[in-house]
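*Asks:* The following block contains the structure, expressed as structure tokens.
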Amino acid sequence: MRILFASPHRDLNECYQTLLTEEGRETVTAFDGPQTLTLLKTSPFDLLILDQNIPRVTYGEILHHTSEAGTRSILLMDTPGNYPSTASISYPFLPEELFQLISEVTSHDQSAE
Amino acid sequence: MTKAQNKFILTAVLTVFTALFLLLGTINMTNFTMASEDADRVTGKLERANGFFAQMESTQQEQTPQAQTPQGQLSQGQNPMGQDQIDQGRQNFRGGFGPMGPDSPDMAASSRYFTVSFTADGESQIVAYAINAVSQEDALSWASDLYSGEDLDHVATGWTRGTYRYRIYQQDGQTYVTVLDQGRELISCYRILAISGIGLVLGTLISFVILKLTAQKLFSPVEEADRKQKQFLLQAEKEFKVPLTVISADTELIERRNGPTDQTRSIHRQVKQMGALVKDLGRMAVFSSEQDLPELSLSAMTMDALNHKAERFAAKGLDISTEIAPDIRVKADAAMMDRVLDELMENMIKYAKTHVRLILKKEGERILLQTENDSDLPAGDADQVFDRFTTLKNASSEEAGLGLSYVKDAVKSMDGRVSARVLEDGTFLLQIGL
């Protein structure tokens, strides 16, 4: 599984890249909206984990792109809420909470297939 | 104008109204009571004078009550007062602020009254008649209406026909009814009452206008402080969230490399507590806010929340039944309402065994949002689930016990009510009334 982890917080990106890689998931990081969109367009990803506060491009625009491309996504949010067709988790969260959500999202993907 | 300002104005105006009402009411009650007492003193003097003030000038007639002809018109120049009374009055009068009211030397001369006597057989006779507004026939009839014919062991006094004070007393085996016209004395009382009423209304109105004009200026420092506090809370909440997430992720990495230690467990605990504190900061910011709230479709939000969690319900094998009325709307902060619904769903997912039920409907003017799930809990009240850091016995030790506490605070900020109980069959029932 290929994951794109997009967040403006460098420390967050680095530690989750390490954690997810150790979980057996190839993880690429991005730090802003344009970089995220470029990576999404140039190579396929199974899952996008996107910070709500990604700079320079709105998260809505990015999620619209992933939705059209059929890529699953998880939104990291400041405040709890629901974004259509997207799973979400609000800060602060524990690693196991994110891993559980990733499993739920991807298992739904597999069952749909 | 904000809710707090309106509340302040309303409270202040009500206070002014109440204070004025009590003060003016007391003054007027005292005034009327004193008028009654003054009237009773005059009728008391009439009682002691056998029902009449005037003395016949002719000494040839008997001076017994029965023999007295009623006082009709006085001859021109004739003073209705007895000479003794006149002399006594002049002796008492010192000039300037002389004795007033019942003690005035001219009291007897200016009193308008009639007295009727009743024998034991019920025969009536006018004893004294010094009044123009009432005919003698009317006087007899009026006195008969007042006197019921019963034996009295005490003097009876009271008001009759609005401005007349009566006195019923017994003397020498007969019952006397004296009726005294107090219209002139009472007119000033009624004037004061009317002026008091006008003063009450005007005073209240003026206080309202002044408060309305000055409230904005009074409250602007408070509102500014509130806005800054909210801004700070939101900013603090935001700034803490990501670092806490990074700390817990890095701690996880350390544990994977070196195994869990007491220190890493301690970091996890501290991060959890800090996370709860951060959520509290966010809650304080939202709940203290008084901005105009939008009207939301609670029906749509509930359906969205259910759909969003559908996979989680399915993953746990929970059977869901719903009764969601369409078009139920509520004025609330959208993010707060989302979180309330999220917490309710999470609660059901975590603790339900086989099935859950969600009800959203209108009950009269109120909205009922109710969740039900089967459980192993004993029957009884379960309102303690809304207390912070409190979980029931079916919760895991990892649960912080904050989710429903948030729900309670959120619902309270919308002037709603929450309750929880476990039914006899073990169904955990959570109700929110909005």
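*Asks:* Looking at segment A:94-106, is at least one residue within 14 Å of chain B (Cβ to nearest Cβ), closer than 21 Å to B:Phe240 by Cα and acidic (Asp, Glu)?
*Replies:* yes
Residues checked against (1) in the same structural domain as B:Lys362 (by TED's automatic domain parsing); (2) more than 41 Å from the chain's Cα centre (by Cα); (3) under 18 Å from B:Val418 (Cβ atoms):
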position	(1), (2), (3)
B:Ser299	yes, no, no
B:Leu306	yes, yes, no
B:Gly317	yes, yes, no
B:Ser321	yes, yes, no
B:Val330	yes, no, yes
B:Ala334	yes, no, no
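*Asks:* A further question follows. Which residue is farthest from the other protein chains (Cβ to nearest Cβ), if the candidates are limited to segment A:1-21 and must be within 21 Å of A:Met77 (Cα to Cα) and hydrophobic (A, V, I, L, M, F, W, C)?
*Replies:* Result: A:Leu4.
*Asks:* Can you tell me which residue among B:Leu234, B:Leu200 is touching a residue at least 40 places away in the same chain (Cβ under 8 Å) and closer than 15 Å to A:Asp78 by Cα?
*Replies:* Values: B:Leu200 fails: closer than 15 Å to A:Asp78 by Cα.
Sole residue among the options that is touching a residue at least 40 places away in the same chain (Cβ under 8 Å) and closer than 15 Å to A:Asp78 by Cα: B:Leu234.
*Asks:* Out of B:Glu137, B:Glu185, report the one residue that is charged (D, E, K, R), part of a helix (DSSP H, G or I) and crowded, with 16+ Cβ neighbours inside 10 Å.
*Replies:* Going through B:Glu137, B:Glu185 in turn, the sole match is B:Glu185.
*Asks:* Starting from residues that are small (Gly, Ala, Ser) and surrounded by fewer than 14 Cβ atoms within 10 Å (Cβ to Cβ), keep the ones in segment B:340-390 and report whichever is nearest to B:Leu318 (Cα to Cα).
*Replies:* B:Ala379
*Asks:* Pairs please, first residue from segment A:22-48 and within 14 Å of another protein chain (Cβ to nearest Cβ), second anywhere and open to solvent by less than 40 Å² (accessible area, probe 1.4 Å), Cβ atoms under 6 Å, 6+ apart in sequence or on different chains.
*Replies:* Taking only residues 6 or more apart or on different chains, the pairs are A:Thr27/A:Ile3; A:Thr27/A:Phe5; A:Thr27/A:Leu20; A:Thr29/A:Phe5; A:Thr29/A:Asn13.
*Asks:* Quick test of your reading of the structure: B:Arg256 fulfils all but one of (1) part of a helix (DSSP H, G or I); (2) away from chain A (no Cβ under 11 Å); (3) at pLDDT 90 or above. Name the failing condition by number.
*Replies:* So B:Arg256 meets the others, but not (2).
*Asks:* Could you grab me the full set of residues in segment B:189-247 that are open to solvent by less than 30 Å² (accessible area, probe 1.4 Å), within 14 Å of chain A (Cβ to nearest Cβ) and of a type outside the set (D, E, K, R)?
*Replies:* Listed by number, the residues that qualify are B:Leu233, B:Ala236, B:Val242, B:Leu244, B:Thr245, B:Val246.
The values are calculated or read from the model by the stated rules, or taken from the named source; none is laboratory data. This structure is a prediction, so every number in the text was calculated from the model and none was measured. No Cβ is skipped: glycine too gets one built from the backbone with ideal geometry, and neighbour counts run over all protein chains shown. In case anyone asks, the SASA skips ligands and DNA or RNA and just uses the protein heavy atoms, side chains included. Shrake-Rupley method; radii C 1.70, N 1.55, O 1.52, S 1.80 Å.
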